[in-house]
1. More than 15 Å apart: what percent of Cα pairs in the range 82-140 qualify?
2. Give me the dipole magnitude in Debye, nearest 20, for the chain about the Cα centre, with unit charges on the beta carbon: positive for Lys and Arg, negative for Asp and Glu.
3. Report, in degrees rounded to the nearest 10, the 0 to 90 angle that the Cα long axis of helix 38-48 makes with the longest principal axis of the chain.
4. Give the average over all directions of the projected area of the C-alpha convex hull of the range 18-134, one decimal, in nm².
5. Figure the gain on full extension for ALA176 and LYS163 (residue separation times 0.36 nm, minus the Cα-Cα span) and round it to one decimal in nm.
6. Among HIS89, HIS78, HIS206, HIS114, what is the fewest-to-most ranking by other Cβ atoms within 10 Å?
7. Ranked highest first by average number of other Cβ atoms within 10 Å, how do 186-192, 274-280 line up?
8. Based on a Kirkwood Rh over C-alpha pairs, give the Stokes-Einstein translational diffusion coefficient of the chain at 4 °C and viscosity 1.567 mPa s in µm²/s.
Amino acid sequence: MNRCPITYDELKDGFYSKKGLNLLNPALKDLKPFPYNKAEQLAEARKRMTKMSIQGIQPKMSAQLSIKETCFIPVDRHGIYILKPEILHYPEVPQNEDLSMRIATSVGIEVPLHGLIYAKDQSMLYFIRRFDRKGKKGKIHTEDFAQISAKDRDTKYNYSMEKVAKLIDEYCTFPAIEKVKLFRRTLLSFLIGNEDMHLKNFSIIHENGRISLSPAYDILNTWIVLSAAREELALTLKGKKSNFTRKQLINYYGKERLKLSDKIIDKLLLQFEHSSINIWPNLIQNSFLSSEMKEKYADLVQERFSRLFG
């Protein structure tokens, strides 16, 4: 059964649904394959790496969507989208990230427009629309938590979730609202095996006279990608990074450190429980992961939920 890689809708023919193309641009009637094969994508990402305002270990390209040429085109400046190709030695990362971001949406986490596209060799790239861009050339002021905490790429893991909460108190306009968002993301990271939520993967955005957490990004199940991964959170919580229990995640972090009420926490947990039963299995099954990776993803989620919900 063919599915649209942007919406996961079933397809009778073609590679993308009308709804998927419309999400990219209402004027887009078709989308040609990305004009680089897997090796060329990695070469293009390396070539453009120093010219991008967003960098990191994972190869990526800045891109614009050309309606006239009906395809994504890599650019050095003014890119509206980030494209992430498949990575050598790390299986199915684009498919993993796309699924994980959809799971995040299901529990009320705001994420930018994202999806998968095909390249000319039928490999897949993950795309995400930049939330720090406005129009063709405008920028919206954002800062990641490494910047505001005076850390860098080499020290982005040297921090704690308790200190992240303090940064929200210090910088955000309405800290109580943003701490609910932080708690959602913390629970999600634990439940889906995202052990790479370091300081550069949290950002604040200055918009409409308000400073708040930016939409979420770089969410994926690293546990099934990195065979050596044995941590459960990238930043320490109560002095450790693994073997978390409900008492530490909910009672200690949610109630004691973030000061969330029982009513808010119960509502969030109910949403997570509902989504994990009624939404996540279908998302995993309909995703573009291989059968083996789908099984690993689902097994990890089940194990983590058993710890959180008993």
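Read the figures in this text as sums done on the coordinates, not as results from a lab. Bear in mind that the values here come from a model prediction, so they are computed numbers and not experimental data. Every residue, glycine as well, gets a Cβ built from its backbone with ideal geometry; the counts of neighbours run over all protein chains shown.
1. Working: 966 of 1711 pairs.
So the pairs more than 15 Å apart make up 56 percent of the total in the range 82-140.
2. Details: 50 positive and 37 negative charges, 158 e Å.
Magnitude of the dipole: close to 760 debye.
3. Here the helix axis deviates by roughly 70 degrees.
4. Result: 7.6 nm².
5. Taking ALA176 through LYS163 to full extension adds about 3.2 nm, to one decimal.
6. Least crowded to most crowded, the residues run HIS89, HIS78, HIS206, HIS114.
7. 186-192, 274-280
8. Approximately 64 µm²/s, per Stokes-Einstein.
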